[in-house]
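> Let me give you the structure first, and then I'll get to my questions.
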């Protein structure tokens, strides 16, 4: 009788063993999710980035000099002095996709993973005349510039430059006139030459008032802190 059913018994034992192993694997998968290490790694990177950001801004606060913050996590630009916000403006990307933003961030950080760069230059393409603005009077005290020097033209389009071919372009909805037509053409040609060799260029849309304040405050040498998206 035993010999007659021994194969059936062996198959049944094999099935029970496989079932037991399967249950054990499922329990392990519940106890330790497959993406557990990935999540831990991602959390660690975010923590390290936040620490770097805090340490960097502490140094800027101690410098007692105004600085610009490009906050790509909250889509906001800010001017700060001693850690206090002097001016803040929501931004909207225009003709700029997510890859271009990532390219800008990577080029800004560079190989040394820096979060701060000094502004190297700026250029105003088109603008229209503007009467004095009370907001600029407040900002002028922070950036140590006479108010009358800031109360000039409302930008229609301008660009800010940092080393490593970093360009932040700002546009508004107003209709302006060229400020320096020949020089503007030269700047455009230079961009066309540099672009194939690596140029990180993002475009923002802002209110005329916000663009006016940013342009007049962004003097060459202004330290710029980039706050990266999570």
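> Pull out the extension gain between residue 93 and residue 61, defined as 0.36 nm times the separation in residues minus the alpha carbon to alpha carbon distance; nm, one decimal.
That pair, residue 93 and residue 61, stretches by 8.7 nm at full extension.
> Modelled label-to-label distance, residue 74 and residue 54, 7 Å Cα→beta-carbon offset: nm?
1.6
> Something else now. So what's the stretch 73-122 giving for Cα Rg divided by 2.2 N^0.38 Å, two decimals?
Normalised Cα radius of gyration, the stretch 73-122: 1.33.
> Between residue 82 and residue 165, 0.36 nm times their residue separation minus their Cα-Cα distance comes to what?
So the chain would gain 27.0 nm between residue 82 and residue 165.
> Next question, about the same structure. Report the extension gain between residue 116 and residue 43 in nm, rounded to one decimal, defined as 0.36 nm multiplied by the number of residues separating them, less their alpha carbon distance.
24.0 nm
Bear in mind that the values in this text are calculations on the coordinates, not laboratory data. Quantities reported herein were computed from a predicted structural model and do not represent experimental measurements. As a convention, Cβ positions derive from the backbone with ideal geometry for all residues, glycine included, and neighbour counts pool all protein chains shown.
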